[in-house]
Amino acid sequence: MVCFRVYNCKYPAKDDSKDDDDDDDNVLENENFKLYWNCSILTDKTIPFNRPDITFMNKKAKNTFLIDMAVPNAHNLAKTITDRQNKYQELAKEICAMWKQNAAQVIPAVI
């Protein structure tokens, strides 16, 4: 189990004058952390699976977590976990190189 604690997160109030299609609505960021959701991650080389459900980056520890949600049937549980981990391994390696991260971990959140 992985637990995330974000201390002293202060985000500016949403500006209603912005366009609703703006990608900034899919990113929360402060000096320690960056959280993306519903965003494709652009890489130097073409990676077929580049859109995890949630991408959480700890800037100080230089760790990134790629979180992918799934709700499988009960008999597909183990297969779903393995598939989700394998699906984003190439993206995790590319993120380490591009963003100069110490580690990028794939976390399948299977409910």
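Summary table
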{"quantity": "Peptide ranges 55-66, 93-104 listed from the most packed, as the mean C-beta count within 10 angstrom indicates", "calculated": "55-66, 93-104"}
{"quantity": "Full-stretch length increase - Lys62, Asp83 - with 0.36 nm per residue and alpha-carbon distance subtracted", "calculated": "5.0 nm"}
{"quantity": "Flagged links, alpha-carbon separation over 23 Å, of Lys45/Lys79; Lys45/Lys100; Lys60/Lys93; Lys79/Lys100; Lys34/Lys79", "calculated": "Lys45/Lys79; Lys79/Lys100; Lys34/Lys79"}
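Rule-based calculations on the coordinates, nothing more; no lab input. What you see is a predicted model, and the numbers here were worked out from it, not measured in a lab. Ideal geometry is used to build each Cβ from the backbone, glycine not excepted, and the neighbour counts take in all protein chains shown.
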